[in-house]
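Below: the structure, in structure tokens.
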Amino acid sequence: MLVGAAEVFASGRQIEQDFLKPGKRQLANVVVSKGMLGAAFAVFDELLHGLEQAGYPVMLAPKDRTYWRSAVDERESPGKLVNRRHPALWSPSRPTLVFVGTVAIGLTLFELTETKEARRVGDQYLPLDQAEKYRPRSGWPQWSWTIPHAFATGRLCLQVYSPYPGTHWIHRWVERRPGELRQWIARIIRDIAKAAPRIASLVEHSEREAEKRRREWELERQRIEEREQIRRREKARAEATQQLLGIIERWGEVQRIQAFFEQAERQAGLREVDEKARLLKRLGQARALIGDADALGALAEWKAPDER
């Protein structure tokens, strides 16, 4: 995991506060500025060796299940406001995990930042005490102002966390002075091992809750399907009734038309020969215009509710 990684980080581009953003993402989860790269990799190397020697293998997250990476807030005092950092810090494509038995625990090593009042000098922000070195003899121009700005501190933080979706557990070891983290490695390894049962319990609880939600959704899905079936049955019944009423109405119309032609033919038969022939010819033309009014044919095409 670490062989050659420092060189890849060092060749990456630098963003604000000189944090490194390498071009590759399948790397150990280390987020630091260029000046802290060597110290950070030395600490991480010692930690990973200690974990391996204690029987806890470390690796990039395997693909046998879904693991998530806890977000990094590099601010020393995060506060209540969300860290809307731009540009965003580098993040790996797969979290770095240590396995205590079958329980995975995420590892992230990053450098802290602290907020100081700063002034823009040239193309960068400098803390006020450093900016004073560049103060013009005539004083700062009117458009020059100070703002709170985050600066890398040279102090590291190790963040361990539960990488299982649906769980939340995070613990940090924060350096008060640079180099302290290496003194705590033995205690960190013991604490990581102690955290495994708690994370396993969180995973079990999360899976139970997920199963509960799945059952609730299944019941709700069944209720939705039952309501939909009722709606479809009612719709089919209404459509069948409407079509049948139309057929009945057509049947009445057919009977009325047939009665008209039958009565007309009888009356035409009582007329003189020439007039009778003329009237029967006219009735034939009228029948041709009306067409074949087949009410029973419409009934044959009718669909009952269970056929819809």
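Helical runs assigned H by DSSP (4 residues or longer) give the chain a calculated mean residue ellipticity at 222 nm of -15500 deg cm²/dmol, each run adding -39500 (n - 2.57) before division by the residue total. One decimal place: the segment Gln130-Ser91 gains 11.0 nm when fully extended, by the rule 0.36 nm per residue minus the C-alpha distance. Averaging Cα coordinates gives a centre for segment 87-144 and one for segment 24-82; these two points are 18 Å apart. Checking every one of the trypsin sites (Lys or Arg not before Pro) in segment 1-80 against DSSP loop status and a limit of 15 other Cβ atoms within 10 Å picks out Lys24, Arg25, Lys63, Arg65, Lys80. Cut-off under 13 Å on the C-alpha distance; same-chain residues fewer than 8 positions from Lys34 excluded. Which aspartates and glutamates are left, in chain and number order? The reachable aspartates and glutamates, counting only those whose Cα sits under 13 Å from Lys34, are Glu7, Glu16, Asp18, Glu111. As a proxy for reagent exposure, ranking Glu74, Glu207 by other Cβ atoms within 10 Å from fewest up yields Glu207, Glu74. Compared with the dominant principal axis of the Cα atoms in the chain, helix 273-290 is inclined by about 10°. Placing a pseudo-label 7 Å from each Cα along the Cα-to-Cβ vector at Lys34 and Glu209 gives an inter-label distance of 4.4 nm.
Candidate values [x] 27.2; [y] 19.6; [z] 23.0 were compared with Kirkwood radius over Cα pairs in Å computed on the shown model; the agreeing label is [x]. Considering only Cα-Cα distances, which of the following residue pairs are longer than 24 Å: Lys24/Lys63; Lys235/Lys303; Lys63/Lys212? Lys63/Lys212, as the Cα separations exceed 24 Å there. Simple rule: put +1 on each Lys or Arg Cβ and -1 on each Asp or Glu Cβ in segment 117-245, find the dipole, and look at Ala238, Gln222, Ala210; the Cα lying farthest toward the positive end is Ala210.
The numbers here are math on the coordinates, done by the rules we state, and not lab data. Quick caveat: nothing in here was measured; it's all calculated off a predicted structure. Counting neighbours? That spans all protein chains shown, and the Cβs are built from the backbone with ideal geometry, glycine included.
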